[in-house]
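As structure tokens, the structure follows; a few thoughts come after it.
The values are calculated or read from the model by the stated rules, or taken from the named source; none is laboratory data. Small disclaimer: the values here were computed from a predicted structure and weren't measured. No Cβ is skipped: glycine too gets one built from the backbone with ideal geometry, and neighbour counts run over all protein chains shown. Note: areas computed on protein heavy atoms with side chains; ligands, DNA, RNA excluded. Shrake-Rupley method; radii C 1.70, N 1.55, O 1.52, S 1.80 Å.
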Amino acid sequence: MKRTKLNILSLILFLTIAFSSCVTNNEDAPPLEPFVAFEKASITDVKELYADQLNEHWTNREPVEIRYEWSIKGIIIADDKTSNGNFYKEAYVQDESGGIRVTFLSTGGLYVNDSVIINLQGLYLSDYGDFIQLGGDPYFDDSNNYRLTGIDKHKYLKRTVIEGQKQLPTELTIDELSEEHMGTLIKLKDVQFANFELGKTFATPEEGDTEARSENRELEDCNGNDIIVRSSGYSTFAGTILPEGKGSFVGVLTKFNSDYQIQIRHFDEVNLEGPRCN
């Protein structure tokens, strides 16, 4: 009987030591590699690497790999967590030269007015309707068109929160918009939705058997200049009726082919409550 108890105690002691060793080994995390920024390049310089592709017909374009040890440093002007659902797995980064859309593998982790450094070597540039974007490895979609996977934030990006930092929008009129403003935060004043748009919603939300659908709505000034407001059917404001007044509109300037578009980053930056144009 004593021998049996001794054997049991010995077995318990052995298992305890073995289990403790396993736990200790599993808790030893691999060392983290420090983020080392490459040589700084401007967003405009980076986008220039793709300029020749834009001269090709869209069916002949190919993603361009960035092989230089470059990095861009800028401010997040729109993210996919505070955009009321208007963006998904993406953010817009702006520096003193311009802005660019960046796609990611996952949502979250970046917020408006964060500073970021993105190491570019091994990433790719492509476009969607002539609008240049930065992403990961290329692949073919179901229509046999090139697309880019998202970027791994943990591998290529360093985020810094700077207290009080804020990127203000550039105030412009619709007729002043140009390529240099692509991907940047802008503010249009004295604009309104066109008469034929009134009564419509920003987009088509998912309801019952109706699938969510992004929509274009025309925004105009009092001189007859116009621009497209592009909104996602998955945004929280998709089913909201367009405001009927005139006022200011803040968003990110993008384009699709020859059409300039503005996308809302915060719904409370749409302030169209004044009297309409005469």
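Worth pointing out:
- Taken as a whole, the structure leaves R101 outside the set of residues that are within 24 Å of L54 (Cα to Cα), assigned to a loop (DSSP other than H, G, I, E, B) and among the basic types (K, R).
- Filter result (part of a strand (DSSP E or B), more than 13 Å from G183 (Cα to Cα) and among the aromatic types (F, W, Y)) within the range 68-96: W70
- Among the residues of the range 237-271, the ones that are closer than 18 Å to L185 by Cα and in contact with a strand residue (DSSP E or B) (Cβ under 9 Å, 6 or more places away or on another chain) come to 21 in all.
- Residue that is closer than 21 Å to L148 by Cβ, in contact with a helix residue (DSSP H, G or I) (Cβ under 8 Å, 6 or more places away or on another chain) and surrounded by 11 or more Cβ atoms within 10 Å (Cβ to Cβ), where the choices are V46, V64: V64
- Hey, Q121 closer than 15 Å to V46 by Cβ and either open to solvent by 70 Å² or more (accessible area, probe 1.4 Å) or modelled with pLDDT under 95 (or both) or not: yes
- Only one of the numbered conditions (1) open to solvent by less than 30 Å² (accessible area, probe 1.4 Å); (2) touching a residue at least 60 places away in the same chain (Cβ under 8 Å) is not met by G247, and that is (2).
- If the condition is being open to solvent by 60 Å² or more (accessible area, probe 1.4 Å) and under 18 Å from the mean Cα position of the chain (by Cα), then the range 124-151 contributes Y128, D137, R147.
- Complete set of residues in the range 232-241 that are more than 19 Å from the chain's Cα centre (by Cα) and either of a type in the set (G, A, S) or surrounded by 21 or more Cβ atoms within 10 Å (Cβ to Cβ) (or both): G239
- Residue in the range 252-262 that is more than 23 Å from the chain's Cα centre (by Cα) and closer than 22 Å to G129 by Cα present: no
- Within the range 205-218, at least one residue is farther than 20 Å from G183 by Cα, polar (S, T, N, Q), part of a strand (DSSP E or B) and touching a Ser or Thr at 6+ places or on another chain (Cβ under 9 Å).
- Of the numbered criteria (1) within 24 Å of H181 (Cα to Cα); (2) at pLDDT below 95, the one S143 fails is (1).
- Which numbered condition I186 misses (of (1) under 30 Å from F35 (Cβ atoms); (2) in contact with a Pro (Cβ under 9 Å, 6 or more places away or on another chain)): (1)
- Any hit, the range 187-195, residues being open to solvent by 80 Å² or more (accessible area, probe 1.4 Å), free of Cβ contacts under 8 Å to residues at least 40 places away in the same chain and not hydrophobic (A, V, I, L, M, F, W, C): yes
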